[in-house]
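Here is the structure we will look at, set down as structure tokens.
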Amino acid sequence: MGKVTCDLSISLDGYAAGLNQTEQRPFGDDGGDGWGDKLHAWFAEGPEVHPAEFARMMTAKAFIMGRNMFGPVRGEWDRQWNGWWGDNPPYHGPVFVLTHHPRDPQPMDGGTTFHFVTDGIEAAFARAREAAGDGDISIHGGVTTVNQYLAAGLIDELRLHFVPFTIGAGTRLFDGVPPLNLEQVESRAASSVTHVTYRVLS
């Protein structure tokens, strides 16, 4: 059986997004341009600088994300929105989007299909496990969704990317999550980020 993983860039004080998120600033008051430029500056450096992290980031066979990560539309689906990634998203597999409002599956170029799940995190997880088979599942974000899966005990491995600045307020990893025991299994420091992998023990 594959692992359930999560890759997440966070500030040193634990935030993955700031306050006041909007369509124009999806990461809110994130200490930068509102599009996560400081949080994800390491990602722009590419696989030449971060080869191991890039190599495993998109290897999951199924992905789960919250509706806020999929897009800014709230309430009923009153306009067509196919995610932030254009016609050919980077997932190339099934993506299960948590929502309270039904919507037909949305196939995209490159093999990505967004499926919209209205009956909770366990139902999305069951569908992702069926789709992934023996492969990994990525709890892909945002951090509120990650916290729900951590609280439910459904994440095996946390791959955190600590960026050297603070945000001060916003959406923070581990908020609402019961105490956990983590085993550090890998760490690597770069000039712009420190990559740390934890196994979630309980």
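The values are calculated or read from the model by the stated rules, or taken from the named source; none is laboratory data. Just so it is clear, the structure is predicted and the values come from calculations on it, not from any experiment. Positions of Cβ are backbone-derived with ideal geometry, glycine not excepted, and every protein chain shown enters the neighbour counts. Ligands, DNA and RNA are excluded from the accessible area calculation, which covers all protein heavy atoms including side chains. Shrake-Rupley method; radii C 1.70, N 1.55, O 1.52, S 1.80 Å.
Rounded, prolate or oblate: which fits the range 137-202, taking a ≥ b ≥ c as square roots of the Cα gyration tensor eigenvalues, rounded meaning a/c under 1.5, else prolate when a/b beats b/c?
Working: a/c = 1.88, a/b = 1.21, b/c = 1.55.
Cα axes put the range 137-202 in the oblate bin.
For the range 1-45, which whole-number percentage of the solvent-accessible area (1.4 Å probe, protein heavy atoms only) is attributable to carbon and sulfur atoms? C and S fraction of accessible area: 58 percent. Residues whose amide H falls under 5 Å from that of Val4, counting only those 5 or more places apart or on a different chain, are Ile137, Asp156, Glu157, with hydrogens built in the peptide plane. If you take the Cα centroid of the range 183-202 and the Cα centroid of the range 58-111, the two points sit 28 Å apart.
Of the whole protein surface, Lys38 contributes about 80 Å² of accessible area at a 1.4 Å probe radius. Of all alpha-carbon pairs in the chain, indicate the percentage at a distance above 21 angstrom. Of all Cα-Cα distances in the chain, 53 percent exceed 21 Å. Of all DSSP beta bridges confined to the chain, the antiparallel ones make up roughly 45%. Have a look at Asp33, Asp78, Asp134 and tell me which one the Gaussian network model of the chain (Cα, springs below 10 Å) gives the largest fluctuation. Answer for the Gaussian network model of the chain: Asp78. Look at the alpha carbon pairs under 8 Å that are at least 6 residues apart: their mean separation over the length of the chain gives a relative contact order of 30 percent. Just want the answer: with Cβ charges of +1 for Lys and Arg and -1 for Asp and Glu, which residue in His100, Phe114, Asn88 is farthest toward the dipole's positive end in the range 84-177? Result: His100.
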